[in-house]
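Here the structure comes first, spelled out in C-alpha cells, and everything after it is commentary.
The values are calculated or read from the model by the stated rules, or taken from the named source; none is laboratory data. These numbers were taken from a predicted model, which means no experiment stands behind them. Here Cβ is always computed from backbone atoms with ideal geometry, including for glycine, and neighbour counts include all displayed protein chains.
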Amino acid sequence: MSDLGEVSRKLVAVFAADVEGYSRLMGTDEVGTLKRLTERRAILDRLIADHRGRIANTAGDSVLAEFGSAVDAVLCAVAAQTALAEANAGLAPDRHVNFRIGVHIGDVMVRAGDLFGDGVNIAARLQTMAKPGSVLISGATYDQVRKVLPMTFIDLGVQQMRNIQEPIRVYQVVAPGDARETAATRVADTDSPPPMPDKPSIAVLPFENMSGDPDQEYFADGMVEEIITALSRFKWLFVIARNSSFTFKGKAVDVKEVGRRLGVRYVLEGSVRKASGKVRITGQLIDAVTGAHLWANRFERDLTDVFALQDEVTVAVVSAIQPKLLQTEIVMAARRRPENLTAYDLFLRAMQQFYRSTREGLAETMRLAHRALELDPRFGLVAALASAAHMQNVVWGYAVDPQFDKKEAVRLVRLALSIDDDDPDTMALAALTSAFMVGDSESEIEMADRAVALNPNSFRAWSSRGHVYRVAGLPEEAVRSFERAIRMSPIDPLLHRTFTGMGFAFIELHRFGEAIVAGKKALRQNPSYSLAHRCLAAAFALLGRDAEAREAAARLLEFDPAFTIGAFVARGGQSNSKLMVEGLRKAGLPE
C-alpha cells in the first residue's frame with residue numbers, strides 16, 4: 001500500500017479517558033458543558049504532566065496519554081478522579097462532568113506523535129467498561145503496580161473485549177477510603193447474571209451422545225471444541241469459553257436459563273448418534289431470550305476418518321450459523337428506535353444497506369458507517385466497511401466526485417488498519433478496497449492472505465481474496481478463492497458479488513461458458529446487479545452468441561443508463577482486462 005508514514009514501536013503505559021454522557025451534556029447545555037470540559041481538561045493535563053506523562057491523541061471529550069511507568073499512570077488516574085470529583089462538588093448532578101479512565105501497559109505504534117495498536121485499543125476498551133468516576137486497569141498493569149501502590153484492586157474477572165483477540169483480566173482500582181463501598185457493590189454484583197456483551201454472543205453447549213457408545217463422547221466433545229474455536233475467529237462475535245459451556249454437560253437444561261447464566265443471546269445445542277458405520281449429527285441455533293429456533297440441520301456421514309469428519313461438520317455448522325446470526329442481529333438493529341442506536345447498531349444497519357448493491361444502498365452505507373465512527377472512532381471494521389462503500393461508489397460509477405471518494409476510501413483503509421490490523425474482516429475489506437483504489441498488488445495479496453489465515457472460515461475473507469487475486473492478474477487463484485467462499489457460505493447475502501467476480505475471472509481464463517453460469521447465478525440472487533449484467537454481456541459476446549449478448553447489454557443499460565466502456569475502463573483501473581473490454585465492445589455497448 002501507499003506509505004503510511006514513519007512508524008516506531010515502544011512499550012508504554014497507555015492512559016485513556018473520556019467523558020461519560022458527553023453527547024447528552026452537550027445537548028442540554030452546550031456552552032456550559034464546553035466551559036466545564038475546558039476546566040476539567042486543564043486539571044487533567046496538569047496532572048498528566050505532573051506524573052511525567054505525555055498527551056498523545058485528543059478528540060473531543062477523549063484523552064490518550066502515555067507514561068513510561070505503570071505506577072505513574074495509575075497514580076495519575078486516581079489523582080485525576082479525586083480532583084475531578086472535587087470539581088463537580090456543588091454542581092447539580094446533571095451538570096457533572098464525569099470521566100472514565102482505563103490504563104494498560106503494552107506495545108504501541110507511534111506515528112507523528114500519535115499512538116496506535118492493540119495497546120491503545122485495550123486501554124480504550126477498559127475506559128468504555130469503567131463506570132463514571134472510576135479507573136479500570138488490565139492484568140498486565142496490575143502485575144506492575146500491585147506490590148507498589150497502597151491501593152485495593154478488585155478483580156472483575158477475565159473479559160472478552162471487542163476487536164481484541166485474547167481475553168483480558170480486568171481490575172478496578174480503589175483508592176484508600178473507598179474500598180468498603182466498592183467491595184460491597186462488587187459482592188452484590190456477583191449474584192447477578194453477567195451483562196450482555198456489546199456484540200452478538202453465543203454459547204455452544206456439549207452435544208448429547210445418543211449412541212450409548214463412550215467412544216462417541218470424545219468425538220462429540222472434540223467437535224464442539226472445534227466449533228467453539230472456529231466461531232471465536234469471528235471477532236464481531238462473543239463466544240463463551242469451553243470450560244463455562246461444558247459445565248452444562250450431561251444436564252437437562254433450559255436454553256433461556258443457560259442464556260441468562262452465561263450472559264449470551266444465542267445458544268447452539270445438538271446431538272450425535274452412531275449406527276452401522278455412520279454418524280448422524282443434529283444441531284440447532286436458539287435465541288436464548290425469546291426461545292425462538294433460528295436454524296436447525298442434520299448431517300449424516302460415513303464414520304471413517306474421525307478428524308476429517310470433525311473438520312467437515314465444523315465448517316458446515318459454522319458457515320450456516322454465522323450469516324444467520326448476522327442477519328438476525330441486523331433485523332433487531334432495524335427495529336431499534338433511532339435515539340437508542342449504538343455504533344454497533346449503526347454498523348449492522350450499514351451492512352444491511354451494503355448488501356443491496358445499489359446506488360442508494362451505498363449512499364446509505366456511507367452515511368450510517370460515518371455516524372458509527374462518530375460514536376466510536378476506534379471501530380476498525382466500520383471504517384473498513386465505509387472504505388469499501390466509497391471504493392464501490394467509484395468503481396460502479398455512482399460517485400458525483402470520484403476523486404473525493406477515492407481519497408476517502410484510502411484514508412479509511414489507513415484508519416481501519418491503524419485501529420485493528422488483526423481482525424480478518426477488517427483486513428479483508430481493506431485489501432479489497434486497496435486493490436481497486438491503490439493497486440499495490442504485493443501488499444494487497446499479503447493482506448488478503450493474512451485475512452484467510454486469521455479466519456479460514458470467513459466468507460468475506462475468501463471472497464475478498466478472490467477479488468484481490470483477480471485484480472492482481474491471477475485469475476486461477478481467484479477462482480479457487482471464490483469457490484472456497486461459496487462453500488463457506490452458500491446462502492450469503494453478498495453471494496451475487498462473489499459469483500460475478502468469479503465470472504470476470506472465468507472470462508480472463510477464456511472459460512466463457514462458466515462465466516455465463518456464474519453471472520446467471522449472481523442474477524438469481526440480485527437481478528438488478530449491474531456488474532453481473534456486464535459479465536454476461538461480455539461472456540456471451542466472446543462466445544459469439546450475439547443475440548444474447550445484446551440482450552444482456554440492454555439489461556445492463558436498463559439498470560445503469562450512463563454506462564460507457566470508456567468510463568468503465570477509467571473507473572476500474574487494472575481490474576479491467578483487455579478481454580473483458582473486448583467483450584463489452586462486441587456486445588454493442590456505447591464507447
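For Val331, the conditions (1) over 13 Å from the mean Cα position of the chain (by Cα); (2) crowded, with 20+ Cβ neighbours inside 10 Å; (3) modelled with pLDDT under 85 all hold with the exception of (2). Ser481: hydroxyl-bearing (Ser, Thr, Tyr), under 26 Å from Arg349 (Cα atoms) and not assigned by TED's automatic domain parsing to the domain that holds Arg359, yes or no? Considered against the rule, which asks whether it is hydroxyl-bearing (Ser, Thr, Tyr), under 26 Å from Arg349 (Cα atoms) and not assigned by TED's automatic domain parsing to the domain that holds Arg359, Ser481 comes out as no. Checking each residue in the stretch 275-321 for being touching a residue at least 40 places away in the same chain (Cβ under 8 Å), assigned to a strand (DSSP E or B) and surrounded by fewer than 19 Cβ atoms within 10 Å (Cβ to Cβ) picks out Ala275, Asp287.
Checked against (1) under 21 Å from Arg367 (Cα atoms); (2) surrounded by fewer than 20 Cβ atoms within 10 Å (Cβ to Cβ); (3) among the polar types (S, T, N, Q), Thr433 passes all but a single condition, namely (2). Residue selection: Ile137 fails the criterion of being within 24 Å of Arg233 (Cα to Cα) and either surrounded by fewer than 17 Cβ atoms within 10 Å (Cβ to Cβ) or among the aliphatic types (A, V, I, L, M) (or both). Just wondering, is there one or more residues in the stretch 551-563 that are out of contact with any Leu (no Cβ under 6 Å at 6 or more places or on another chain) and over 30 Å from Phe404 (Cα atoms)? Yes, there is a match, as at least one residue in the stretch 551-563 is out of contact with any Leu (no Cβ under 6 Å at 6 or more places or on another chain) and over 30 Å from Phe404 (Cα atoms). Residues in the stretch 453-478 that are buried (at least 23 other Cβ atoms within 10 Å of the Cβ) and among the aliphatic types (A, V, I, L, M): Ala461, Val468, Val471, Ala478. Elements of the type helices (runs of 4 or more DSSP H) sitting completely within the stretch 394-465 and holding at least 1 residues that are within 27 Å of Phe559 (Cβ to Cβ) and outside the structural domain of Leu556 (by TED's automatic domain parsing): these cover 402-419, 424-437.
All conditions in (1) crowded, with 24+ Cβ neighbours inside 10 Å; (2) touching a residue at least 24 places away in the same chain (Cβ under 8 Å); (3) of a type in the set (A, V, I, L, M) hold for Leu415, with the sole exception of (1). For residues in the stretch 487-525 being at pLDDT below 90 and buried (at least 21 other Cβ atoms within 10 Å of the Cβ), which is nearest to Trp462 (Cα to Cα)? Applying the filter and picking the extreme gives Met488.
Let's see how each residue does on (1) within 23 Å of the chain's Cα centre (by Cα); (2) at pLDDT 75 or above; (3) not in a helix (DSSP H, G or I):
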{"site": "Met109", "(1), (2), (3)": "yes, yes, yes"}
{"site": "Asn121", "(1), (2), (3)": "yes, yes, no"}
{"site": "Arg125", "(1), (2), (3)": "yes, yes, no"}
{"site": "Thr128", "(1), (2), (3)": "yes, yes, no"}
{"site": "Thr141", "(1), (2), (3)": "no, yes, no"}
{"site": "Val148", "(1), (2), (3)": "no, yes, yes"}
{"site": "Gln165", "(1), (2), (3)": "yes, no, yes"}
{"site": "Val173", "(1), (2), (3)": "no, yes, yes"}
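Considering only residues in the stretch 502-560 that are of a type in the set (A, V, I, L, M) and under 31 Å from the mean Cα position of the chain (by Cα), the one that is nearest to Ala485 (Cα to Cα) turns out to be Met502.
When the stretch 525-584 is limited to residues that are in a loop (DSSP other than H, G, I, E, B), in contact (Cβ under 8 Å) with a residue 60 or more places away in the chain and of a type in the set (S, T, N, Q), the one that is nearest to Arg359 (Cα to Cα) turns out to be Ser528.
Residues in the stretch 42-79 that are of a type outside the set (S, T, N, Q), under 34 Å from the mean Cα position of the chain (by Cα) and surrounded by fewer than 18 Cβ atoms within 10 Å (Cβ to Cβ): Asp45, Arg54, Ile55, Ala59, Gly60, Gly68, Val71. Here Gly270 does not fit the description of being assigned to a loop (DSSP other than H, G, I, E, B), touching a residue at least 12 places away in the same chain (Cβ under 8 Å) and within 17 Å of Ala220 (Cα to Cα). Out of all the residues in the stretch 538-548, is one or more under 16 Å from Val479 (Cα atoms) and surrounded by fewer than 24 Cβ atoms within 10 Å (Cβ to Cβ)? No, the stretch 538-548 has no match at all. Does the stretch 419-440 hold any residues that are among the small types (Gly, Ala, Ser) and at pLDDT 90 or above, and which are they? Those that are among the small types (Gly, Ala, Ser) and at pLDDT 90 or above: Ala428, Ala430, Ala431, Ser434, Ala435.
Residue count for the stretch 194-216, restricted to those that are within 16 Å of the chain's Cα centre (by Cα) and at pLDDT below 70: 2. Look at Val78 and say whether it is of a type in the set (Val, Ile, Thr) and closer than 19 Å to Val170 by Cα. Judged against the criteria, Val78 is a match.
Within the stretch 485-505, identify whether any single residue is of a type in the set (Ser, Thr, Tyr) and touching an Asp or Glu at 6+ places or on another chain (Cβ under 9 Å), and answer yes or no. Within the stretch 485-505, one or more residues are of a type in the set (Ser, Thr, Tyr) and touching an Asp or Glu at 6+ places or on another chain (Cβ under 9 Å).
How many of the residues making up the stretch 500-558 are in contact with a Pro (Cβ under 7 Å, 6 or more places away or on another chain) and of a type outside the set (A, V, I, L, M)? Counting residues in the stretch 500-558 that are in contact with a Pro (Cβ under 7 Å, 6 or more places away or on another chain) and of a type outside the set (A, V, I, L, M) gives 1. Remark: Arg265 falls outside the filter, which requires a residue to be over 30 Å from Asp422 (Cβ atoms) and either in contact (Cβ under 8 Å) with a residue 12 or more places away in the chain or more than 25 Å from the chain's Cα centre (by Cα) (or both).
Being in contact with a His (Cβ under 8 Å, 6 or more places away or on another chain) and either modelled with pLDDT under 95 or surrounded by 21 or more Cβ atoms within 10 Å (Cβ to Cβ) (or both): is that true of Glu446 here? Considered against the rule, which asks whether it is in contact with a His (Cβ under 8 Å, 6 or more places away or on another chain) and either modelled with pLDDT under 95 or surrounded by 21 or more Cβ atoms within 10 Å (Cβ to Cβ) (or both), Glu446 comes out as no.
Looking only at residues in the stretch 365-384 that are touching an Asp or Glu at 6+ places or on another chain (Cβ under 9 Å) and part of a helix (DSSP H, G or I), which one is farthest from Val438 (Cα to Cα)? Step by step, filter the stretch 365-384, then rank; the result is Ala372. Considering every residue within the stretch 30-47, establish whether at least one is touching a Lys or Arg at 6+ places or on another chain (Cβ under 8 Å) and among the hydrophobic types (A, V, I, L, M, F, W, C). No, that holds for no residue.
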